[in-house]
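Derivation of every value follows stated rules applied to the coordinates shown; laboratory data play no part. Everything numeric in this text was worked out from a predicted model, so none of it was measured. Neighbour counts run over all protein chains shown; Cβ positions are idealised from the backbone, glycine included.
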Amino acid sequence: MTTLQTSAAPHRRRSRWRRLGTELRKAPVSAWFGMLVIAAYIFIAIFAPWLAHYGEAQVISQPYQPWGGGFPLGTDQLGRDILSRLIYGARNTLGIAMATTLLSFTFGVLLGLVAALNAGWLDQLLSRAVDILMSIPSLIFALLLLAAFGSSVPNLIFILAVLDATRVFRLTRAVAANVVVMDYIEVARLRGESMAWLMRREILPNILPPLIAEFGLRFCFVFLSISALSFLGVGIQPPTADWGSMVRENAALISYSDVTPLLPAGAIALLTVSVNFVIDWFLHRTSGLRDER
Amino acid sequence: MSASVDTTLAARPRGAPLLEIADLHVEGYSEDRWHPIVRGVSLTLERGEILGLIGESGAGKSTLGLVAMGHAKPGCRIVSGSVSFDGMNLLAMKESQLRALRGSRIAYVAQSAAASFNPAHRLLHQTIETALTHGFASRRDAARNALEMYRKLRLPDAEEIGLRFPHQVSGGQLQRAMTAMAMECRPDLIIFDEPTTSLDVTTQVEVLASIRDIVREVARAMQMRCFCPPESSLGRRSR
């Protein structure tokens, strides 16, 4: 896009950055809060080995040490530093959730566009297959598949991605079906454009806002399902640090009025809320929704 | 779909008319049965000719225009007759073969320019899209051609207007940009489907004048042919 040889090209690029700047200045406090929290999580995830004092699986002390001393948040049931595990947990949980969401969007958007463009038997086949997958409760189905194929990280990502792609497929197909009947798609066909070009250039840009909003929400759901599966013991396997399994492993401490097991749960909740703040703001800006005041 | 004219280039007769439609019947589906839309139309169009079609609303002008590209709208079917473009039978061609012709050798200017532009892309990007998908020109050359065409079509601020989105320009300007898009690959045949219906009278005159000028200018140089539903001022049979 930027290679167009026109005199006004540099002007356009500058104005795009400036637009982003004004947009950010006008962003509400909630969106700013969300963006800062997400940025902090990403920072922690990337620099985990430098931020954590101990390794994620390193046993360094007696189990269930209280807060303070060498261990700001105490140690867990095996004597591992809770703070270090929380920091590593950001990396594992976020990375796996991100990979899963990206993969599920790749499947879902691609098949959704194909179905929308090829109304007829292909659309019917894909849609009914998705209906069948969706009719099975996804957490139970994921448990079943993970039990059958073994709970390794690639399996976890793939299974959750396929199950989640059904929702993405439905959304994409529905919003793309609205665009496919537009005059400009027929005109584009009459310009001799191929299906891949139609999908990428003509339809995708017009359905992007709902898809991005959905991406944020799906990320939260995937994130929660991974935590839930880890809590149930079939998700991310020990000794890899993960917030879901950390809650389960230290749950016993709750009985002794120790809030430590709530910390990883709080980390999950904070991220979910922050992502939703940002998505809310984005939806508000792109869909033209305005609060009537 | 009954005709069986040979589609190979080698077998194409010399001096054949550019577009030849013979005894064409098209039907449309509504209320549980097929209604005839086009009944036995035959026409020939030589290179360099401008042909106008006049008819009342619903007479099948647009349908005929689309059939000339080998396309039937959803809900329409071509019952019988033959459509040959430059000696090739369009009705017997595969979708991929038609795709190679569309945009590059047969171009289409739609009825409502406002609905025919993708709202997500800037004008210039859409104008050069055809040239890029058909590998007709490099991005830089295509953009230069487009700017030249904008100037010829008397679009104001040709340099700047291509960077706007479709909703940021007027209907008349969009219609002209659409003409520029159709010209991008220097097609042999351009189908104008009522290019000015959605415009007010003064803009119509302006757009038609600029289309006529460019068709004339490019037609002489490039041997452009034009097949043009109902703009009567453009649509006289002339060489």
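Given a Förster radius of 22 Å and the C-beta distance between B:ALA209 and B:ALA59 as r, what FRET efficiency does 1/(1 + (r/R0)^6) yield to the nearest 0.05? Mind dumping the intermediate values first?
Values: r = 26 Å, r/R0 = 1.18.
Given R0 = 22 Å and the Cβ-Cβ separation, E is 0.25.
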Residues of B:112-121, mean number of Cβ from any other protein chain within 10 Å of their own Cβ, rounded to a whole number?
6
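Report the calculated FRET efficiency for A:ALA196 and A:LEU78 (r = Cβ-Cβ distance, R0 = 56 Å), to the nearest 0.05. Don't jump to the answer; show the numbers that get you there.
Details: r = 52 Å, r/R0 = 0.93.
About 0.60, to the nearest 0.05.
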Place the peptides A:145-155, A:165-175, B:135-145 in order of packing, highest mean first, counting for every residue the other Cβ atoms within 10 Å and averaging per peptide.
A:165-175, B:135-145, A:145-155
Averaging over all projection directions, find the projected area of the Cα convex hull of the protein assembly as shown and quote it in nm² with one decimal place.
32.7
Running a GNM on chain A with Cα contacts under 10 Å, which residue among A:ASP81, A:ASP280, A:ASP258 ends up with the highest mean-square fluctuation?
A:ASP258
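Pull out the extension gain between A:LEU125 and A:ILE46, defined as 0.36 nm times the separation in residues minus the alpha carbon to alpha carbon distance; nm, one decimal. Kindly include the intermediate steps, with their values, before the conclusion.
Details: separation 79, 0.36 × 79 = 28.44 nm, distance 4.17 nm.
My answer for the length gained is 24.3 nm.
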Computed curve, chain A, Cα-only Debye sum without solvent term, log₁₀ I(q)/I(0) at 0.07, 0.11, 0.14, 0.16 Å⁻¹, is -0.36, -0.81, -1.12, -1.28
Could you work out, for region A:88-153, what percent of all Cα-Cα pairs fall into each 10 Å distance bin, beginning at 0 Å and stopping at the bin that holds the largest distance?
17, 35, 34, 12, 2
Considering amide H positions built from the backbone, and no H for Pro or chain starts, which residues 5 or more places from B:GLY81, or on another chain, come under 5 Å of its amide H?
B:SER2, B:ALA3, B:HIS25
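Using only Cα atoms, figure out Rg for region B:95-215 and give it as a multiple of 2.2 N^0.38 Å. Walk me through the numbers on the way to the answer.
Values: Rg = 13.3 Å, N = 121, 2.2 N^0.38 = 13.6 Å.
Its radius of gyration relative to the 2.2 N^0.38 Å reference: 0.98.
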Using only atoms on other chains, find how many Cβ atoms lie within 10 Å of each Cβ of peptide B:133-141 and report the average.
2
By the mean-Cβ-within-10 Å protection proxy, highest first, A:101-107, A:183-189, A:267-273 rank as A:183-189, A:101-107, A:267-273
At what distance in nm do the modelled label points of B:ARG77 and A:HIS53 sit from each other, each positioned 7 Å from its Cα along Cα→Cβ?
7.9
Gyration tensor on Cα atoms of region B:19-228, a ≥ b ≥ c root eigenvalues, a/c under 1.5 rounded, else prolate if a/b beats b/c, else oblate, says prolate
Give a residue-ordered list of calculated ³J(HN,Hα) values for region A:186-201 (Karplus: 6.51 cos²θ - 1.76 cosθ + 1.60, θ = phi - 60°; whole Hz; x for Gly, Pro).
5, 4, 5, 4, 6, 8, x, 7, 7, 5, 4, 5, 4, 5, 7, 8
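Please arrange B:ASP188, B:ASP200 by counting, for each residue, the other beta carbons lying within 10 Å of its beta carbon, fewest first. It would help to have the intermediate numbers written out before the result.
Values: B:ASP188 20, B:ASP200 10.
The fewest-first ordering by Cβ neighbours comes to B:ASP200, B:ASP188.
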